[in-house]
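Please read the structure below before turning to the comments.
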Amino acid sequence: MKISIQTEDFDVAAECAALRQGRSDVGALASFVGLVRETGEAGALTGMSLEHYSGMTEKSLSEIVEQARARLPILDATVIHRIGELRPGDNIVLVAVAASHRGEAFAACEFIMDYLKTRAPFWKKEETPEGSRWVDARESDDRAAEKWTA
């Protein structure tokens, strides 16, 4: 398992290759990449800043991946989340999951992302031409995570 909180960008292809390197038991690799959009909750974005609680965030992400492992037979996972100042088009997050079969890989990738959005201690501030504003948690993210508790 790889968990990284970083300011620098990541290479999706290189991270996915590293996840399966030297393994012949991987039959599926599912990934999700989150990007900064040009528009946010408050309209046109000029940028975004992401903050986190060092130490606690890494622990939270590790626990989320372990919860995915307890639910689904995954072989390995990578979660990379960027912090700091980002611009439209920049990568924010990568979740990649290796499994024997596609169903488990897709489900675990979705589970990790749903829980990351609702349970990991990140704070997002959107920058617009009119100023900046902190982004509140979204009900749609809570609903997405709730499906895993049923």
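The values are calculated or read from the model by the stated rules, or taken from the named source; none is laboratory data. Here the structure is a predicted model, which means the values were calculated and not measured. Cβ: placed from backbone, ideal geometry, glycine included. Neighbour counts: every protein chain shown.
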Based on what the data block shows, is Arg119 closer than 17 Å to Val135 by Cα, basic (Lys, Arg), surrounded by 13 or more Cβ atoms within 10 Å (Cβ to Cβ) and at pLDDT 95 or above? no
Which residue, of Glu104, Glu58, Glu110, Glu63, is farther than 19 Å from Arg37 by Cβ, of a type outside the set (Val, Ile, Thr) and surrounded by 20 or more Cβ atoms within 10 Å (Cβ to Cβ)? Glu104
Can you tell me which residue in region 13-50 is farthest from Glu127 (Cα to Cα), limited to those that are touching a residue at least 60 places away in the same chain (Cβ under 8 Å), loosely packed, with under 15 Cβ neighbours inside 10 Å and β-branched (Val, Ile, Thr)? Val33
Cross-chain or 6+ apart pairs with Cβ under 6 Å, region 78-101 first and surrounded by fewer than 20 Cβ atoms within 10 Å (Cβ to Cβ), then among the small types (Gly, Ala, Ser) and not in a strand (DSSP E or B): Ser100/Gly27; His101/Gly27
Among the residues of region 40-82, which ones are in contact with a Pro (Cβ under 8 Å, 6 or more places away or on another chain), in a helix (DSSP H, G or I) and under 12 Å from Leu116 (Cβ atoms)? Thr57, Ser60
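Please enumerate the residues belonging to region 111-127 that are in a helix (DSSP H, G or I) and either polar (S, T, N, Q) or in contact (Cβ under 8 Å) with a residue 40 or more places away in the chain (or both). Explain how you work it out, then say what you get.
To start, the set of residues in region 111-127 that are in a helix (DSSP H, G or I) comprises 111-119.
Those that are in a helix (DSSP H, G or I) and either polar (S, T, N, Q) or in contact (Cβ under 8 Å) with a residue 40 or more places away in the chain (or both): Phe111, Ile112, Met113, Tyr115, Leu116, Thr118, Arg119.
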Quick one: in region 2-12, of everything that is surrounded by fewer than 14 Cβ atoms within 10 Å (Cβ to Cβ) and touching a residue at least 60 places away in the same chain (Cβ under 8 Å), which residue is nearest to Ser60 (Cα to Cα)? Gln6
Could you look through region 128-142, keep only residues that are modelled with pLDDT of 85 or more and part of a loop (DSSP other than H, G, I, E, B), and pick out the one that is nearest to the chain's Cα centre (by Cα)? Val135
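Within region 9-36, how many residues turn out to be more than 15 Å from the chain's Cα centre (by Cα) and farther than 20 Å from Glu104 by Cα? Give the derivation first.
First, the residues of region 9-36 that are more than 15 Å from the chain's Cα centre (by Cα): 13-14, 17-29.
If we keep only those that are farther than 20 Å from Glu104 by Cα as well, we get 13-14, 22.
Number satisfying all stated conditions: 3.
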Since Arg133 meets every condition but one in (1) of a type outside the set (A, V, I, L, M); (2) surrounded by 14 or more Cβ atoms within 10 Å (Cβ to Cβ); (3) closer than 30 Å to Ala18 by Cβ, which condition does it not meet? (3)
